[in-house]
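Read-outs: derived from the displayed coordinates by stated rules, not from any lab. From a predicted model like this one, the values you see are computed outputs, not experimental measurements. Because the Cβ atoms are built from the backbone with ideal geometry, glycine has one as well, and the counts that use them run over all protein chains shown.
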Amino acid sequence: MMTYDRNRNVITTGSRVMINGTGLTGVIKAIHADGLSARDLRRQATVEVDGAEGQFAPVELIRLGMH
C-alpha cells in the first residue's frame, strides 16, 4: 500500500519516518487501508510504525528515507 506523508512524499511499508510533534523515528510496519479511499487513508490513524505504540495518520508522518 502507498500513501503520502504531511509533505506529500510517497510512503510505503519499509519507509523510514519521523512522527510529527514527538520526534520519534521508525520504519513503517503496516498500512491498514481496507475499504478506505485515498483521502480517508491519509487522514485516519492507519499506519503502524516500528518503535512507536499505536497507529498514526499519514499526515502526522514525515518521510526520512525509503527502504
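Check Arg6, Arg42, Arg63 and return the single one that is under 11 Å from the mean Cα position of the chain (by Cα) and assigned to a loop (DSSP other than H, G, I, E, B).
Working: Arg42 fails: assigned to a loop (DSSP other than H, G, I, E, B); Arg63 fails: assigned to a loop (DSSP other than H, G, I, E, B).
Being under 11 Å from the mean Cα position of the chain (by Cα) and assigned to a loop (DSSP other than H, G, I, E, B) holds for just one of Arg6, Arg42, Arg63, which is Arg6.
Of everything in region 48-67, what is in contact with a His (Cβ under 8 Å, 6 or more places away or on another chain) and closer than 11 Å to Gly14 by Cα? Give them in sequence order.
Of everything in region 48-67, just one residue is in contact with a His (Cβ under 8 Å, 6 or more places away or on another chain) and closer than 11 Å to Gly14 by Cα, namely Glu48.
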Residue list for region 21-67, restricted to those being among the polar types (S, T, N, Q), exposed (fewer than 15 other Cβ atoms within 10 Å of the Cβ) and farther than 14 Å from Met1 by Cβ: Thr22
From Thr46, Thr3, residue being out of contact with any Gly (no Cβ under 7 Å at 6 or more places or on another chain) and within 16 Å of Leu64 (Cα to Cα): Thr3
